[in-house]
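> Structure below; questions to follow.
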Ligand code: UD1
Ligand code: UDP
């Protein structure tokens, strides 16, 4: 579309140049007026064709081909507003799915519900150790980049998908845009902290959600010109889908819980769930809370945590353990929970946007500066 506007601009200017010339030939213009008009029209052509001026205004990223990368549930949700905007602007883009998440309730259901176009590529890397998963994504993404030659690769967040895709693009000198850049927990023990720091340092465009994230980046000597404070795409996703949810789903009827009469709980961080003692004590704490307040705990269990609960042989009482739910049902639950208890980055942010009280079950939160952006 942008290219089309530029062509129309050039044709228009050439036509006007021709008319000016005809008028001059007929003696309607003096030589000086003719010179002025020719200068105007030829300058117009230069401006329209220049990628950094008028053309640049129409195409702020100054790219002609974009590759949008997703791999896990939160990336699909948080990239959905970006993908919609690419569609709206008629940009030349395609989506690459690494397949880090692959179960229908962690992946396909979000594409369906958010009305996203099918991914052009799915690497189907699946689960594995950090090195195995990251390595598979790195080489899979490289193959697609060599074939498709995009100008910029957009990644979102801090998963293994994000680091591997950013690294593959960076090694091929393809621009990397990092959505949700600059969040820090300052705890290198978390795999996500390593992913987000390394991704930021090999990115060319850093889309910081908040002023706090901007400060984090600049204090790590990332040049200011590369950083854009954009807000958080989770806000766009919530605003767009919350209104839709009530007309389409009824999670309260499905689960038999009353709005406002339950706690919503999620837990999946490696540091919380892979350690049996820690996982056991968090689950025990939730059981006590439910008993103390006489409220049910609705707990959509992440597949990682399900595997751990079964592996440790825990028997859980006083909680409604359910499969992960789709986005609209989850938003409905979140918006009417008495309290949210979570170790999820995305769920914390959504609770903030929805104005629902939230307890973060983590040693270190990554949301420095998040609140100020949405006050
Ligand atoms: C990953 C991200 C984490 C993010 C989370 C979002 C990394 C290092 N971690 O953690 O930052 O917050 O996604 O949910 O990138 N499994 C399934 N089906 C699936 C996906 C996973 O059953 O579709 C199970 C597998 O047993 C797998 C385990 O969950 O071994 C963990 O999956 P993995 O993608 O390695 O990490 P997450 O804990 O999901
Ligand atoms: N979510 C969902 N269904 C669920 C649990 C979470 O749709 O059963 C959504 C939630 O609304 C949020 C995102 O998944 O947008 C958070 O994903 P997750 O907790 O897996 O990852 P994190 O944000 O911690 O990286």
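> Ranked highest first by the average count of other Cβ atoms within 10 Å around their residues, in what order do 308-317, 159-168 fall? It would help to have the intermediate numbers written out before the result.
Working: 308-317: 12.5, 159-168: 26.8.
Final packing ranking: 159-168, 308-317.
> Right, another one. Rank by packing, highest mean first: peptides 22-32, 64-74, 89-99, with packing defined as the count of other Cβ atoms within 10 Å averaged across residues. Write down the numbers at each step before the final one.
Numbers: 22-32: 11.0, 64-74: 23.6, 89-99: 20.0.
Packing proxy ranking, top to bottom: 64-74, 89-99, 22-32.
> Further, regarding this structure: Figure the gain on full extension for residue 306 and residue 147 (residue separation times 0.36 nm, minus the Cα-Cα span) and round it to one decimal in nm.
Gain on extension, residue 306 to residue 147, equals 53.4 nm.
> Assuming a ≥ b ≥ c are the square roots of the Cα gyration tensor eigenvalues, decide whether segment 112-212 counts as rounded (a/c under 1.5), prolate (otherwise, with a/b larger than b/c) or oblate.
Judged from the Cα gyration tensor, segment 112-212 comes out rounded (a/c under 1.5).
> Given the -39500 (n - 2.57) contribution per DSSP H run of 4+ residues, what per-residue ellipticity at 222 nm results for the chain, rounded to the nearest 500 deg cm²/dmol? Working shown, then result.
Numbers: 17 runs with 198 residues, N = 375.
After summing the helix terms and dividing by residue count, I get -16500 deg cm²/dmol.
> What translational D, rounded to a whole number of µm²/s, comes out for the chain from Stokes-Einstein when the hydrodynamic radius is the Kirkwood one over Cα pairs, at 4 °C and 1.567 mPa s? Please list the in-between numbers first.
Numbers: Rh = 23.1 Å.
Result for D is 56 µm²/s.
> Kindly state, to the nearest 0.05, the FRET efficiency for residue 239 paired with residue 287, given R0 = 45 Å and r defined as their beta-carbon distance. Before the final figure, lay out each step's value.
Values: r = 35 Å, r/R0 = 0.77.
So the FRET efficiency works out to roughly 0.85.
> Please label the shape of segment 235-375 as rounded, prolate or oblate, based on the square roots a ≥ b ≥ c of the eigenvalues of the alpha-carbon gyration tensor (a/c under 1.5 means rounded; beyond that, a/b larger than b/c means prolate, else oblate).
Judged from the Cα gyration tensor, segment 235-375 comes out oblate (a/c at least 1.5, b/c at or above a/b).
> Each label point is 7 Å from the Cα along the Cα-to-Cβ direction; what then is the distance between the points at residue 271 and residue 173, in nm?
3.9
> Related question: Given a Förster radius of 51 Å and the C-beta distance between residue 43 and residue 127 as r, what FRET efficiency does 1/(1 + (r/R0)^6) yield to the nearest 0.05?
Values: r = 58 Å, r/R0 = 1.14.
Efficiency, rounded to the nearest 0.05: 0.30.
> Oh, and also: Output the peptides 152-158, 256-262 sorted from most to least packed, where packing is the average of other Cβ atoms within 10 Å over each peptide's residues.
Details: 152-158: 26.9, 256-262: 13.9.
Sorting 152-158, 256-262 by mean packing, highest first, produces 152-158, 256-262.
> Taking 0.36 nm per intervening residue step and subtracting the Cα-Cα distance, what contour gain separates residue 248 from residue 317 on full extension?
Details: separation 69, 0.36 × 69 = 24.84 nm, distance 3.12 nm.
Stretched out fully, the residue 248 to residue 317 stretch lengthens by 21.7 nm.
> A follow-up question, please. Multiplying the sequence separation of residue 10 and residue 202 by 0.36 nm and subtracting their Cα-Cα distance, what value in nm do you get? Show your work: numbers first, answer last.
Values: separation 192, 0.36 × 192 = 69.12 nm, distance 3.73 nm.
Separation in residues times 0.36 nm, less the Cα-Cα distance, equals 65.4 nm.
> Can I ask one more? Could you check the spin-label model distance between residue 187 and residue 219? Points 7 Å from the Cα along Cα→Cβ, value in nm.
Result: 1.8 nm between the two label points.
> Please tell me the relative contact order of segment 237-374 in percent, rounded to the nearest whole number, where contacts are Cα pairs under 8 Å and at least six residues apart. Mind showing how you got there, number by number?
On the way: 178 pairs, mean separation 42.3, N = 138.
Value for segment 237-374: 31 percent.
> Classify segment 62-231 as rounded, prolate or oblate from the Cα gyration tensor: take a ≥ b ≥ c as the square roots of its eigenvalues, call it rounded if a/c is under 1.5, otherwise prolate when a/b beats b/c and oblate if not.
Details: a/c = 1.39, a/b = 1.20, b/c = 1.15.
It comes out rounded by the Cα gyration axes.
Values quoted throughout were computed directly from the atomic coordinates according to the rules given, and no laboratory measurement underlies them. The shown structure was predicted, so the numbers you read here are calculated from the model rather than taken from an experiment. Quick reminder, even Gly has a Cβ in these numbers, built from the backbone with ideal geometry, and neighbours come from all protein chains shown.
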